[in-house]
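Here is the structure we will look at.
The values are calculated or read from the model by the stated rules, or taken from the named source; none is laboratory data. Keep in mind that this is a model prediction, so the values were computed, not measured. Ideal geometry is used to build each Cβ from the backbone, glycine not excepted, and the neighbour counts take in all protein chains shown. When the accessible area is computed, the model is the full protein with side chains, heavy atoms only, and any ligands, DNA or RNA have been set aside. Shrake-Rupley method; radii C 1.70, N 1.55, O 1.52, S 1.80 Å.
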Amino acid sequence: MYRLTPRMEQTFRRGLEEFHKLFSASRCSGWQLEELIFRAIQSDNQAQHHAFWKETGHDPDADITVRVNGDYHYLQIKSGKRAKDRLTLSGNRHTRFDGDIIKITDSLNLRDFQMLSVPYRQLNNKQGRQHVYRFAYIDSSVLRGLRADGWNQQGSKWCQTNGKGVDFELVPKMSWQVWWKVPISLVELGDEMII
């Protein structure tokens, strides 16, 4: 599984610090995280990692593609929100399948990417407002294993839990967007970055 090097992490942190000099009240959103991570990967010349990123790209498998020694790593970049023992992430929309649950299930099971989430929380303490980020690496294998006949309709959503304990929600009102609730035990967490 792909990991950022310590130098890349330092560059990313510096980017967050610059962001929060301009915007003290807001979190860094998903599309901004993509650019900061892309720049961080490019910053470590010694690592020989070659990143490819298309601004405003809508590739369902990769926001950033990284080539290392001829191997390709497909990264989905998500902000995410941590609540106790779960990390909640939003995914791609599946409008192109016109509500065909079998095709949507097949599409979700075929994904071959790595999720790099950067969940955020805010602290208000004696130092004032602080922003806390951390890297969360998730292998796509834990985001598969769905059954087309395993979905249950709950209100306006379709829900299923795979064999790894990941909860999936499909939301038709949001163009069949997928939401994941991933147990923290399946996530590799980095150190907190307090800005």
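Selection of the range 24-45 for residues being out of contact with any Asp or Glu (no Cβ under 8 Å at 6 or more places or on another chain), in a helix (DSSP H, G or I) and at pLDDT 90 or above yields GLN32, LEU33, LEU36, ILE37, PHE38, ARG39, ILE41, GLN42, SER43.
Here is a yes/no grid of residues against (1) out of contact with any Phe, Trp or Tyr (no Cβ under 6 Å at 6 or more places or on another chain); (2) at negative phi; (3) of a type outside the set (A, V, I, L, M):
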residue: ALA40; (1), (2), (3): no, yes, no
residue: SER43; (1), (2), (3): yes, yes, yes
residue: HIS50; (1), (2), (3): yes, yes, yes
residue: TRP53; (1), (2), (3): no, yes, yes
residue: ASP63; (1), (2), (3): yes, yes, yes
residue: ASN69; (1), (2), (3): yes, no, yes
residue: TYR74; (1), (2), (3): no, yes, yes
residue: ARG82; (1), (2), (3): yes, yes, yes
residue: LEU89; (1), (2), (3): no, yes, no
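Looking at LEU108, LEU89, LEU123, just one residue is under 23 Å from ASN152 (Cα atoms), in a strand (DSSP E or B), open to solvent by less than 60 Å² (accessible area, probe 1.4 Å) and not hydroxyl-bearing (Ser, Thr, Tyr), and that residue is LEU89. The residues in the range 85-111 that are of a type in the set (D, E, K, R) and free of Cβ contacts under 8 Å to residues at least 40 places away in the same chain can be counted, and the count is 4. In the range 126-149, the residues that are open to solvent by 30 Å² or more (accessible area, probe 1.4 Å) reach residues that are in a helix (DSSP H, G or I) and polar (S, T, N, Q) with C-beta atoms within less than 8 angstrom, at least six apart or across chains, in these pairs: ARG144/ASN109; GLY145/ASN109; ARG147/THR105; ALA148/THR105. Scoring ASN152 on the criteria (1) open to solvent by less than 70 Å² (accessible area, probe 1.4 Å); (2) touching a Cys at 6+ places or on another chain (Cβ under 6 Å) leaves a single failure, condition (1). Taking the residues in the range 20-38 that are surrounded by 14 or more Cβ atoms within 10 Å (Cβ to Cβ) and touching a residue at least 40 places away in the same chain (Cβ under 8 Å) as candidates, determine which candidate is farthest from the chain's Cα centre (by Cα). My answer is HIS20. Scan the range 181-194 and give yes if some residue there is within 18 Å of the chain's Cα centre (by Cα), hydrophobic (A, V, I, L, M, F, W, C) and open to solvent by 40 Å² or more (accessible area, probe 1.4 Å), otherwise no. The answer is yes; a qualifying residue exists.
Candidates in the range 161-172 are the residues that are under 19 Å from THR95 (Cα atoms) and without any contact (Cβ under 8 Å) to a residue 60 or more places away in the chain; of these, the one that is most open to solvent (accessible area, probe 1.4 Å) is GLU169. A Cβ distance below 9 Å, combined with a sequence gap of six or more or placement on separate chains, defines the contacts here; from the range 1-16, residues that are free of Cβ contacts under 8 Å to residues at least 12 places away in the same chain reach residues that are among the acidic types (Asp, Glu) in the pairs PRO6/ASP44. Among the criteria (1) open to solvent by less than 30 Å² (accessible area, probe 1.4 Å); (2) under 30 Å from ASP149 (Cβ atoms); (3) within 16 Å of the chain's Cα centre (by Cα), the one PHE12 does not fulfil is (2).
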